[in-house]
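Notes for the one structure printed next.
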Amino acid sequence: MAINSAIANITSNECESIETMAQSAAKIAFHNFKWQFVTLVLFNTTLMCGVNAFLRSFKKNTIVANDMYIPLYSRRSITRQYVIFGTNLDSILHLLTWMERRKFDNTADHLIICQSKGRDNCDEVIALQYLWERRIMSTIFINDVFHNGTSGYYYEYGEECRNTPPIKVADWDSCVSTNISSYCAGKFPLPFHNMYGCPLIVSTFFQPPYMYITDGMPSGADGDLLKIIIQALNATLVIKTPSRGDGWGNLDENGTWVGCLGDLYFDLANISMASAAITHARYTSFELSIFYYTTTIVWITHPPTLEPSSYKLLRPFKVDARIALGLSFLFVVILALFFRTNFCTSLCHIINAGRLPDSVIFSAWKMCMGQAVTVVPLKMTTLYLILFWIWYCFLVRTFYQVHLINSLKTDVYSQELLTIEDAIAEGYSFGGGPALREYYVDSPLVYRNWEGRDSSEYKMILLNISQGMKYVLAVNVAMVRKFLRKPGRKLQILPQTVICSPIGIFLKKYSPLTKVINRKLTHLFEFGFPEKIFKNNTDSGYVEKPTDENKPIKLIHFTGCYILLLVGWVLSFILFLIELYVNRQRKPTIRFSN
């Protein structure tokens, strides 16, 4: 009985200390955890009193589990705050390793309760070193060594570019004893809010107008924004170009990340800033900051061929106007034929109007064109009809001449490509960044024939396309506008876009830098800095020329007029010859006989 009593006594004493630590953790969790997220409580101990005490005090949504618990992905996504109960440092390390293997978010808030009384078993210096090596920054380590009372410790990023020694949580005793928000709130400091001039490695590449690199210093839309972020973090910027491959980053044929994201994946860089469009592979493999702007990926190809200048004669009138004008002239022709019928002659005789001459329409047309008319009808009815027809023809001619000037000065292109499917049907090759191919996974025709292009090839491809190469390239519209700033360059942008994607800064999955970069971007976004920077770098210096821009009229613009005149002269000469022949055949032949 004495032995059982002693064991009960030891258990009671241990539980009392553990419950005190659990209640302290519950107060910190209550004032610092976000209530919209479920809290995951993990334990690896034979003593359940600490877990029970925490649940009684916290009273919020929780999931209680141990290392035998197999979480679903959906639960991992809603569980971003953890409370860990461990017997000693070894058991805590075991739980952290298990969480890392199960891909829990190590940037979440961690409350870690170490239940042992021995200094070596719950040393905060060793514990926080463990957490630093596993990139767990947002954490409070709670212990009660030698019954000196519960204490909470955290660490920050220090001046030596590594973790600081353990720092005791401010107002710990006041929070534990009073549970007042002013003492208990704000206990998880923002990681990396001050980097003390330590290096921050950024993987990027030369990409006008987003990124220019001169002597290791960035500029451009991304470059200017990056410099502001680096200054806000008090860090030293280190620019790095991709060590393997180039461009934004994609999976190669072996399933290995290359480009800027390859540096990020293999821990050669801290962040990647290259205005890369979001794809499924990128989103699932990396962390992404909040969005600060958008990028539009478009299809571009060579300029369409100019429509023959002879067609310009038809441009002053639209299709419906041409139809109406044609019908009106057809009506006049029918009316002229009607004047020559016996019915019209009888009708004119009945109303005592006399017979209309056969040359009414022809005479009116000659007068409208400014030619002399030798015979003018004397009857007022006929004269009014001629005058009305002259007025109508003059009105049509005036409208035509007014709009013809603009038509002659405007370049009209032949039928343009509208979609990538149209280009494929015309036999065009096409391609772009390898990662962009993902957008066409549901379009086998495009997906199978996609030609992956590195970013270093884009400038030469754009030059070749502007000179007439039959190729369609997927490229962001800002790069196209930058290319078109130089005189003489022309490209055709297809109406069909590839994607309009938001852009952000890419980080390694569960990077501790995500929170602080999001904070800085949020502040900049609230003041409108990203939009202003991007507009200054991507829109300035580019003026989109309208299709109806006024241009000097050259001799070639009158080709259609000359052709029309030449055809008229040829037809007139042919009709003249026919008329001579007919008159000669009709002329009677006089024969003299002896």
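When the test is whether a residue is surrounded by 21 or more Cβ atoms within 10 Å (Cβ to Cβ), among the small types (Gly, Ala, Ser) and without any contact (Cβ under 8 Å) to a residue 24 or more places away in the chain, residue 249 does not pass it.
Evaluate the stretch 179-188: report whether one residue or more is under 30 Å from residue 58 (Cβ atoms) and β-branched (Val, Ile, Thr). Checking the stretch 179-188: at least one residue is under 30 Å from residue 58 (Cβ atoms) and β-branched (Val, Ile, Thr). Annotation: of all residues in the stretch 117-156 being assigned to a loop (DSSP other than H, G, I, E, B) and within 16 Å of residue 29 (Cα to Cα), the one that is modelled with the lowest pLDDT is 150. Remark: pairs (first residue in the stretch 139-163, touching a residue at least 60 places away in the same chain (Cβ under 8 Å) and closer than 23 Å to residue 196 by Cα; second residue surrounded by 16 or more Cβ atoms within 10 Å (Cβ to Cβ) and not aromatic (Phe, Trp, Tyr); Cβ separation under 6 Å; 6+ apart in sequence or on different chains) = 140/111; 140/152. Where helices (runs of 4 or more DSSP H) fall wholly inside the stretch 165-238, the ranges with 3 or more residues that are modelled with pLDDT of 95 or more and out of contact with any strand residue (DSSP E or B) (no Cβ under 7 Å at 6 or more places or on another chain) are 220-233.
Can you pull out the residues in the stretch 211-262 that are of a type in the set (Asp, Glu) and under 17 Å from residue 289 (Cβ atoms)?
Within the stretch 211-262, 222, 224 qualify.
One residue stands out in the stretch 405-431 among those that are out of contact with any Lys or Arg (no Cβ under 6 Å at 6 or more places or on another chain) and crowded, with 18+ Cβ neighbours inside 10 Å: the one that is nearest to residue 261 (Cα to Cα), namely 430. Do you know which of the residues in the stretch 215-228 that are surrounded by fewer than 22 Cβ atoms within 10 Å (Cβ to Cβ) and touching a helix residue (DSSP H, G or I) at 6+ places or on another chain (Cβ under 9 Å) is farthest from residue 242 (Cα to Cα)? Among those that are surrounded by fewer than 22 Cβ atoms within 10 Å (Cβ to Cβ) and touching a helix residue (DSSP H, G or I) at 6+ places or on another chain (Cβ under 9 Å), it is 228. Only one of the numbered conditions (1) of a type in the set (Gly, Ala, Ser); (2) modelled with pLDDT under 75; (3) in a helix (DSSP H, G or I) is violated by residue 262, and that is (2).
In the stretch 446-455, which residues are loosely packed, with under 14 Cβ neighbours inside 10 Å and touching a helix residue (DSSP H, G or I) at 6+ places or on another chain (Cβ under 6 Å)? Selection gives 447 alone.
Going residue by residue through the stretch 67-84, is there one that turns out to be modelled with pLDDT of 90 or more, under 21 Å from residue 187 (Cα atoms) and touching an Asp or Glu at 6+ places or on another chain (Cβ under 9 Å)? Outline the logic, then answer.
Restricting attention to the stretch 67-84, the residues satisfying the condition of being modelled with pLDDT of 90 or more are 81-84.
The next check asks that each one be under 21 Å from residue 187 (Cα atoms); those that pass are 81-84.
After this cut, where a residue has to be touching an Asp or Glu at 6+ places or on another chain (Cβ under 9 Å) as well, the list is 81-82.
Yes; the residues of the stretch 67-84 include at least one that is modelled with pLDDT of 90 or more, under 21 Å from residue 187 (Cα atoms) and touching an Asp or Glu at 6+ places or on another chain (Cβ under 9 Å).
The values are calculated or read from the model by the stated rules, or taken from the named source; none is laboratory data. What you are looking at is a predicted structure, and each value in this text was computed from that prediction instead of being measured. Cβ: placed from backbone, ideal geometry, glycine included. Neighbour counts: every protein chain shown.
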